[in-house]
Amino acid sequence: MGKKPILLLTALIFIIGVVFLWSEIYLPLNQSSNEIIDFNIQKGQGAKAISIGLRNQGLIKHPSIFRFYTSLLGKAKKLQIGTYELSPAMNIDDMLGKFIKGDVKKEKITIIEGWNLKDIAQYFEEKGICNKEEFFNLVEKDFNQDFNFLNDKPIGADLEGYLFPDTYKIIPGTAVGEVIKKVLSNFDRKLSSELRQEIARQGKSIFEVITMASLIEREVRTLEDKKLVSGIFWKRLKLGIPLQSCATVVYITGKKSTEVLTEDTKIDSPYNTYKYRGLPLGPISNPGLDSIVAAIYPTESDYLYFLSTPDGTTIFSKTFAEHNKARAKYGI
């Protein structure tokens with residue numbers, strides 16, 4: 001056989017090898033698969049053990065190709081431990097990219113608008129993030145050095161009001177302290193510089209605004225109603241009239257029902273806005289952005305009273321007589 005046929009044969013073999021490698025690396029095992037597989041890389045596992053595991057779980061065909069590509073890129077020592085969500089619809093390059101970035105499986109947790117610290121503690125315990133005692137020990141600690149929006153929070157006050165309601169993605173097993181910092185970081189982003197400037201312009205503190213927002217959150221639903229209630233509450237404070245917020249009494253009693261009895265309004269507590277004038281001692285819930293915005297930008301009106309009907313409609317009144325008529329009409 002002459003040199004030319006040998007060269008052609010060599011070139012053909014080379015091309016076939018390159019195409020084979022390319023297809024094995026960049027074409028998934030099953031493009032149409034919707035299956036999600038949890039794949040775990042344990043401490044001490046190298047590229048060989050990982051590649052065999054990928055084959056055994058039906059994610060790749062040839063472990064040697066995974067090892068070759070990992071070695072070619074010089075990434076064999078950069079594969080991070082953890083649990084990853086993979087699919088047969090992913091190619092080797094996609095999987096390797098996740099391993100290098102440490103793009104591990106995350107769990108979603110959701111803090112609901114209006115939840116207080118007790119609600120969140122219960123939820124975290126159910127999710128296996130921490131127990132209630134650990135949670136309360138942490139939320140009573142000082143995070144001021146990391147988050148300056150806490151600087152006007154009274155000494156000794158906990159994080160009630162500042163755990164921003166939202167959905168968060170966390171890595172299973174993340175320490176609860178890191179979860180709390182993630183939530184506080186979100187609050188830091190949502191309370192924009194524009195909102196902070198407006199709070200300062202009004203001569204109020206962030207703590208006062210968040211306390212007000214926490215009441216609004218528990219009282220009414222829509223942004224329009226929240227702004228009207230905000231206007232009523234700020235006006236009552238200015239006039240020296242007790243806020244008489246049922247939500248603060250419910251916070252004291254811990255009842256699941258929003259019904260407030262006459263004897264409840266006589267409880268001696270700094271959170272009882274029937275008994276004491278002014279804002280309560282601190283926030284009673286963790287408000288969402290609408291409630292915070294409403295607390296900062298209240299709607300002025302002639303109203304001094306409001307009540308919520310069983311279907312969530314808010315009835316506003318200008319006088320106590322009108323308010324009593326509304327209460328009688330709706331049996332509240």
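A short reminder: the numbers here are calculations on the coordinates, not readings from a lab. Not measured: the values here are computed from a predicted model. As a convention, Cβ positions derive from the backbone with ideal geometry for all residues, glycine included, and neighbour counts pool all protein chains shown.
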| note | When I65, I267 are arranged by how many other beta-carbons sit within 10 Å of their Cβ, fewest first, they go I267, I65
| field | In order through the stretch 192-199: 3J(HN,Hα) via Karplus (6.51 cos²θ - 1.76 cosθ + 1.60), integer Hz, x for Gly, Pro | value | 5, 4, 5, 5, 5, 5, 5, 4
| query | Restricting attention to the alpha-carbon atoms of the stretch 146-193, what are Rg (one decimal) and Dmax (integer), both in Å? | reply | 11.6, 33
| query | With charges set only on the Cβ (+1 for Lys and Arg, -1 for Asp and Glu), what does the dipole of the stretch 27-101 come to about its Cα centre, in debye to the nearest 20? | reply | 440
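Determine the calculated [θ] at 222 nm for the chain from helices alone, applying -39500 (n - 2.57) to every DSSP H run no shorter than 4 residues and normalising by the residue count; nearest 500 deg cm²/dmol. Can you show the working numbers first?
Working: 13 runs with 154 residues, N = 332.
Here the helix-only value at 222 nm equals -14500 deg cm²/dmol.
Rounded to whole Å and sorted largest first, what semi-axes of the equivalent ellipsoid does the C-alpha gyration tensor of the stretch 27-101 yield via the square root of 5 times each eigenvalue?
On the way: eigenvalues 65, 36, 23 Å².
Sorted largest first and rounded, they come to 18, 13, 11 Å.
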| Near K275, which aspartates and glutamates are there with a Cα under 13 Å away, not counting those fewer than 8 places off in the same chain? | E263, D264
| request: Would you kindly give the portion of the calculated P(r) for the stretch 107-190 that falls above 19 Å, as a percent of all Cα pairs? | output: 31
| field | Top of I129, I109, I52 by mean-square fluctuation, Gaussian network on the chain, Cα under 10 Å | value | I52
| field | Residue order, fewest to most beta carbons within 10 Å, for S257, S51, S245, S205 | value | S257, S205, S51, S245
| message | Using amide H atoms built in the peptide plane, which far-off residues or other-chain residues are under 5 Å from I60 H to H? | response | R55
| query | How long are the three semi-axes of the equivalent ellipsoid of the stretch 202-330, in whole Å, if each is the root of 5 times an eigenvalue of the C-alpha gyration tensor, listed from largest down? | reply | 20, 18, 15
| query | With θ set to phi - 60° and the Karplus curve 6.51 cos²θ - 1.76 cosθ + 1.60, what are the ³J(HN,Hα) couplings of the stretch 322-331 in order, to the nearest whole Hz, using x for Gly and Pro? | reply | 4, 5, 5, 4, 5, 5, 5, 4, 9, x
| field | Long-range amide H partners of N40 with built H, under 5 Å | value | Y84
| said: Report the gain in length on full extension from K182 to L8: 0.36 nm times residue separation, minus Cα-Cα distance, nm rounded to one decimal. | reply: 56.6 nm
| note | Under the Karplus relation with 6.51, -1.76 and 1.60 and θ = phi - 60°, whole-Hz ³J(HN,Hα) for the stretch 76-85, x at Gly and Pro, equal 4, 9, 10, 7, 8, 5, x, 9, 10, 8
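What is the total of Lys pairs in the stretch 114-155 with C-alpha atoms under 15 Å apart, excluding same-chain pairs fewer than 8 positions apart?
Lysine pair count for the stretch 114-155: 4.
So for R196, R236, R201, fewest C-beta neighbours within 10 Å to most, what's the order? Working shown, then result.
Working: R196 15, R236 19, R201 9.
Listing R196, R236, R201 from fewest to most nearby Cβ atoms yields R201, R196, R236.
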| task | Would you give the gap between the C-alpha center of the stretch 187-249 and the C-alpha center of the stretch 274-332, rounded to a whole Å? | result | 11
| field | Under 18 Å between alpha carbons - lysine pairs in the stretch 27-101 that sit 8 or more apart or on different chains | value | 16
| said: I want to make sure I understand the PRE zone here: with the label point 7 angstrom from the Cα of D119 toward its beta carbon, which residues in the stretch 298-315 have backbone N atoms less than 17 Å away? | reply: 312
| Label-point separation in nm, Q57 to K266, each point 7 Å along Cα→Cβ | 6.4
| remark: Between (1) 204; (2) 126; (3) 147, the structure-derived volume of the Cα convex hull per residue in Å³ is (1)
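Working out 0.36 nm times the residue gap between K318 and E85, then minus their Cα-Cα distance, what length gain in nm do you get to one decimal? Before the final figure, lay out the partial values.
Values: separation 233, 0.36 × 233 = 83.88 nm, distance 5.79 nm.
Length gained between K318 and E85: 78.1 nm.
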| message | For K190, give me every one of the lysines with a C-alpha distance below 16 angstrom, ignoring sequence neighbours fewer than eight places off in its own chain. | response | K181, K182
